[in-house]
Amino acid sequence: MSTNVNLLGKGLKYLAILVFLFIASPISLTMGFKALKKFENTPNEYLSYLILFLAGILMIFTIYFAFKTFKILLQALFNN
């Protein structure tokens, strides 16, 4: 049982991207809610809903990407 070094390198790159997504996702969601509070009853209210929509999609993608990343890391460490 040896470690696949190429797959491990790919997994570690994905892990670095995942750490960035773990930071960026909640920050964008917080920005959307703050924009919604600030732009209440103004013409720019659609902008806050757009930020919230994009942040929600980013959160879902982050969860998917986390599963994908950990699957690659597990395959690299415990291959048959």
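The values are calculated or read from the model by the stated rules, or taken from the named source; none is laboratory data. Every value quoted in this text rests on a predicted model; they were computed, and no experiment measured them. Reconstructed Cβ throughout: ideal geometry from the backbone, glycine too, with neighbour counts over all protein chains shown.
So which residues in the range 11-48 are charged (D, E, K, R) and within 18 Å of I63 (Cα to Cα)? Break it down into steps so the answer makes sense when it comes.
Of all residues in the range 11-48, those charged (D, E, K, R) come to 13, 34, 37-38, 40, 45.
Of everything in the range 11-48, just one residue is charged (D, E, K, R) and within 18 Å of I63 (Cα to Cα), namely K13.
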*asked:* On the basis of being modelled with pLDDT under 95, β-branched (V, I, T), closer than 30 Å to N79 by Cβ and not in a helix (DSSP H, G or I), does T42 make the cut?
replied: no
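Before we move on, is K10 out of contact with any Lys or Arg (no Cβ under 8 Å at 6 or more places or on another chain) and under 30 Å from N79 (Cβ atoms)? Can you show your working first?
Values: out of contact with any Lys or Arg (no Cβ under 8 Å at 6 or more places or on another chain): yes; under 30 Å from N79 (Cβ atoms): yes.
Against the criterion (out of contact with any Lys or Arg (no Cβ under 8 Å at 6 or more places or on another chain) and under 30 Å from N79 (Cβ atoms)), K10 qualifies.
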